[in-house]
């Protein structure tokens, strides 16, 4: 298929997925803010959210105060913030608009009406009391789009590039979420079992739609190690890193053409880390270090996909020579 | 109860549905009966449904000069334009006849120029900006230059049709013919049982067959693509729609490149050869090496491959010289010269302001005439004398005097009106008609057209960029 078409489909899916994950993170932080915690300042609660999206510095430059309202506005609605939910949905719709012929008409109508609905939202209500409602709306529109994609799109490379975008993005978002939350939560891990701690861990699980799954799988207290295991290594958990890598390796194998060997190699290497990894070992050498390496590898895989398929150079450009230690 | 009796409304022109002496015309009789059973609120609701559906599907167009990416809906009118079988036969025969002659004219102009030697078309045509010397002596497959043509036709009386304009470059609007039909079937399924309406849905397949048939010699299974200037072009929806309906790639200039005298597109599996390009981008922007050097939309080297026969462009380069308003006046003679036939459709009498006698007359009668730029389109840069103020006329006079050769003038035609849903009810509004003529092995036209309607009372400007709307056009089979 046309490289540009694949590029738009891939980024359309990435932006939808990113919007969904921003909504998940926003909601979990919002819920945490409702649990009274004397040790936690308001800024301390919201800063990690800004760090996840890599836009702490921009935020500090643009706003005079780290308040709930400012952060909510920045993450949900700020047109100047390229990773706000507003910007993600707009970019998703723009990408879809550019290649509407490459998808089913139901998909196009779905994403177009998503964008039209978003513009109709009562923004002030959202900031004052409608945040949960808004986050639910973003999530359910994302689910709907995924569903209509899965249910109506021809199983050609267009479908595969769309899914590729979703899972590269999901892996990235999940790893960031875990990394930042562990930073925040682990200092108090020695008093596992405290009420606040329980709420925060379970909020993290809920943000990944993993709370009920956790209970089903472990039938036991919420502990950091198990939370990490569930979200990193369990392949039956659809938002875990392992599940994302399962999808990515499968999709890359199905793509037509002979040019993707380096992509497949990189994805396979990442996959085996997760497939054969043990949480105890990862914890021993540091979860943060592991997640950081995963993020770099995932990023490199994204660039390799971009180079091989989506930019499709006329002449062979050398592959990117980068390597990171795990 | 809704009605097309037009109570208390004065008809200023021939009306498609109604005659003040004879009442409702026979083609509209079943419609009028059906309409009598509807109330105005129901009809208005259908109209709102249609708008909602169009917006959801994203059938929008961008307007030049507005914020980049701004999207507007073209108003859709729920009352169809209905043409009887014999009316259509005359229109379609006439349109095909014109396009045949125009293709022969282009082939002649870019080869032996017999028509100039015969003294029918003046040699000055070779200095027309739209004449492309690059095409002189180049053979194109089948001698076809205008594979797709949109002929703008207006009606002034029961049996009087005029061709306003031949669009031979990148005519647009066919998606509205198709989408309006779909919308009408969705909104008013019961109406389709009352009328033997000719189908139009096969247009994309017919177009694809035509495009495949004009592939370079020796290519048995050609790769056809549709080339668009991009998502911000005013007709982007149509480009996307047609590509999808034909199942071909929608490409932009950046997706293609030239190598070893062939055109390729960049795909996820590597470069793929392109044989036929249905291009919806003007000559000027198609190849920065051949025309506008600063065009970011084109493919460097494309024209050179084209001239060598390595790829087919539809429409051909250089068709603009034949739909120019100063060439228009010669079309009836072209028909006689190439086909030995009498023109079925008339031209509108046209004054050339570059000629002294014509200019004198026009400047004395500006308040009665329509003045257009020779290469203008989209309803921009024109003066409609009878509906303009004194000041507007005087301002336009100065523009004409600055460059008279750039203008032509025509009498203001009383365009026919057609019942149209407006705020006050169903009222007559002026319309035109653009059937789409396809040329390949044969010259054909699907039985339908883009019908444009001036939504403002009394207005004669139907262009969408000037607030015009569209209607479904029904051609009856009997």
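Computed values, structure above
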item: Subset of segment B:344-365 [part of a helix (DSSP H, G or I) and touching a strand residue (DSSP E or B) at 6+ places or on another chain (Cβ under 7 Å)]; result: B:358, B:361, B:362
item: Residue within segment B:290-297 that is modelled with pLDDT of 95 or more and more than 9 Å from every other protein chain (Cβ to nearest Cβ) present; result: no
item: Residue in segment A:119-132 that is assigned to a helix (DSSP H, G or I) and within 14 Å of chain B (Cβ to nearest Cβ) present; result: yes
item: From A:86, A:150, residue being in a helix (DSSP H, G or I) and closer than 30 Å to residue B:235 by Cβ; result: A:86
item: Where residue B:108 falls short, out of the listed (1) surrounded by 21 or more Cβ atoms within 10 Å (Cβ to Cβ); (2) in contact with a helix residue (DSSP H, G or I) (Cβ under 9 Å, 6 or more places away or on another chain); (3) not in a loop (DSSP other than H, G, I, E, B); result: (1)
item: Test: residue in segment B:249-256 that is farther than 22 Å from residue A:9 by Cα, in contact with a strand residue (DSSP E or B) (Cβ under 6 Å, 6 or more places away or on another chain) and either at pLDDT 95 or above or more than 12 Å from chain A (Cβ to nearest Cβ) (or both); result: no
item: Residue check for residue A:69: within 14 Å of chain B (Cβ to nearest Cβ) and either part of a helix (DSSP H, G or I) or without any contact (Cβ under 8 Å) to a residue 60 or more places away in the chain (or both); result: no
item: Qualifying residue in segment B:198-206 (condition: free of Cβ contacts under 8 Å to residues at least 60 places away in the same chain, part of a helix (DSSP H, G or I) and under 22 Å from the mean Cα position of the chain (by Cα)); result: yes
item: Failed condition for residue B:404, given (1) in contact with a helix residue (DSSP H, G or I) (Cβ under 6 Å, 6 or more places away or on another chain); (2) free of Cβ contacts under 8 Å to residues at least 24 places away in the same chain; result: (2)
item: Hits in segment B:257-286 - residues which are under 20 Å from residue B:215 (Cβ atoms), more than 14 Å from chain A (Cβ to nearest Cβ) and free of Cβ contacts under 8 Å to residues at least 60 places away in the same chain; result: B:261, B:286
item: Top-ranked residue in segment B:263-291 [being over 25 Å from the mean Cα position of the chain (by Cα) and assigned to a loop (DSSP other than H, G, I, E, B); ranked as surrounded by the fewest Cβ atoms within 10 Å (Cβ to Cβ)]; result: B:289
item: Selected residue (only one of A:56, A:10 is surrounded by 15 or more Cβ atoms within 10 Å (Cβ to Cβ) and within 14 Å of chain B (Cβ to nearest Cβ)); result: A:10
item: Set A:136, A:157: member being more than 21 Å from residue A:24 (Cβ to Cβ) and either within 14 Å of another protein chain (Cβ to nearest Cβ) or surrounded by fewer than 21 Cβ atoms within 10 Å (Cβ to Cβ) (or both); result: A:157
item: Residue selected from segment A:247-270 under the condition out of contact with any helix residue (DSSP H, G or I) (no Cβ under 8 Å at 6 or more places or on another chain) and part of a helix (DSSP H, G or I), by the criterion surrounded by the fewest Cβ atoms within 10 Å (Cβ to Cβ); result: A:261
item: Which numbered condition residue B:450 fails, given (1) crowded, with 20+ Cβ neighbours inside 10 Å; (2) over 28 Å from residue B:209 (Cα atoms); result: (2)
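The values are calculated or read from the model by the stated rules, or taken from the named source; none is laboratory data. Since this is a predicted model, take the numbers as computed values, not measurements. Heads up, the Cβs are rebuilt from the backbone with ideal geometry, glycines too, and the neighbour counts pull from every protein chain shown.
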